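Novice: Sharing a structure below in structure tokens format, with a few things to ask.
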């Protein structure tokens, strides 16, 4: 019996059986990358390292739905707390690899349901497989269920879009439930809420321009529900939360008590988070100083031949901050792209135009809530990409849109081969950037990270 054709990539017919095989391969690759190349079983139980006391495990059920003083004051019931509890029985590597596998599946299924583009969905899943968005768990207190946080945002976005475009009380209920779970996932969900608030007026303008008045009403109903949730959330967090104030990691730049200090701090944070997300899909030589990445700080200093030795740390600092030149150029180009996308959206409305607009906003301003926190030493290099996870979701969307564009172009070089080359690039950067992140971690005194390319060559050598 001939299988039913579901989707196309160029002239190639993709069947449901093909999709099952593809997802199975991705699932196996996920375990290979995390458990073997990334040396996953070397992961420690970060919650034991933090030293959560026994009383944390003896709380009443409802208490887990509040900020937890024992785990850095985190309010993260649906991720951090859940992982803390299940890692009493499962190794962190298993929790992390299963979480990332769920993200791969959720990204594929929901994006395919929304956009009906197999090239888009498969590329998005491929990016979540190879991109080191959660790589911080190897060298610092981390979140082995971090991929699930991204799942919550994808599911929340799905019900937001579905409720606006196909309003029903059932969809509205699912939206509220997904919002509730998302809000209990991790404090950085506020970054996603900020994106919706930032785009509220432009979206309203476009919908009204196209006489979609019913959609406008539903959209603003959802924005109002989201705003009320944010207000209640912040009231609870700031009244009974922990680790929030002067001298803490989450200290706001309002404590500067000086506008010039704030003005010097804020833009740097916005661009840092932007580039931390973008650098996950760039060759390592574009994430900073290639000399520092390839040879290390001691080699750089030795090359100065003892000239002005007492001030040589400034030469080293030049290599530390060299990435900012690339970041500034990329940020400016992204702003131009956002403006052109907005102008295009005034002419043509379609899911690709909408998605490009939202993805660019996420890429540029996806860490808006984090950006009002003071600049810290750990931000001196685009290293902690997990803080820019909303920005990175914008990167994923833009790259997946590029794959969708390739799939619809009948060139002499067939679209399927073009996408294969695109995926090869994703594999290369996904593995190579891990090495760059390891070097950045060393320079910021934030632990040692595994080198998957080195481990891969070592495994090949053993086989030969």
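Novice: Taking 0.36 nm per intervening residue step and subtracting the Cα-Cα distance, what contour gain separates residue 312 from residue 225 on full extension?
Specialist: Gain on stretching residue 312 to residue 225: 25.8 nm.
Novice: Can I ask one more? When a/c is below 1.5 the answer is rounded, else prolate if a/b is larger than b/c, else oblate, so apply that to region 389-464 with a ≥ b ≥ c taken from the square roots of the Cα gyration tensor eigenvalues.
Specialist: oblate
Novice: To check my understanding: the extent here is largest minus smallest coordinate of the Cα atoms along each principal axis. What are those three numbers for region 341-381, in Å, largest first?
Specialist: On the principal axes, region 341-381 reaches 44, 18, 15 Å in Cα extent.
Novice: Ranked highest first by the average count of other Cβ atoms within 10 Å around their residues, in what order do 343-356, 187-200 fall?
Specialist: 187-200, 343-356
Novice: Which order do 177, 361, 270 fall in if you start with the one that has the fewest other Cβ atoms within 10 Å?
Specialist: 177, 270, 361
Novice: What spacing in nm lies between the two simple spin-label points modelled at residue 240 and residue 295, each 7 Å away from Cα in the Cβ direction?
Specialist: Computed distance between label sites residue 240 and residue 295 equals 5.8 nm.
Novice: With contacts defined as alpha carbon pairs under 8 Å and 6 or more residues apart, what's the relative contact order of region 5-463 in percent?
Specialist: Answer for region 5-463 is 22 percent.
Novice: Now, a different point. Given a Förster radius of 22 Å and the C-beta distance between residue 445 and residue 262 as r, what FRET efficiency does 1/(1 + (r/R0)^6) yield to the nearest 0.05?
Specialist: Efficiency, rounded to the nearest 0.05: 0.20.
Novice: I've got another one for you. With a Förster radius of 56 Å, plug the Cβ-Cβ distance of residue 212 and residue 85 into 1/(1 + (r/R0)^6) and report the FRET value to the nearest 0.05.
Specialist: After rounding, the FRET efficiency stands at 0.80.
Novice: In whole angstrom, how far apart do the alpha carbon centroids of region 415-463 and region 308-332 sit?
Specialist: So the two Cα centres are separated by 24 Å.
Novice: Roughly what would the spin-label model give for residue 349 and residue 251, points 7 Å off Cα along C-beta, in nm?
Specialist: Placing both labels 7 Å beyond Cα along the Cβ direction yields 4.8 nm.
Novice: Contour minus end-to-end for residue 180 and residue 69, with contour as 0.36 nm per residue of separation and end-to-end as the Cα-Cα distance?
Specialist: Result: 37.8 nm gained on full extension.
Novice: Efficiency by 1/(1 + (r/R0)^6): what FRET value for residue 340 and residue 375, r their Cβ-Cβ distance, R0 = 30 Å, to the nearest 0.05?
Specialist: For residue 340 and residue 375, the calculated efficiency is 0.45.
Only the coordinates and a few stated rules stand behind these numbers; no lab work does. Here the structure is a predicted model, which is why all the values come from computation and not from measurement. Positions of Cβ are generated from backbone atoms using ideal geometry, with glycine treated the same way; all protein chains shown enter the neighbour counts.
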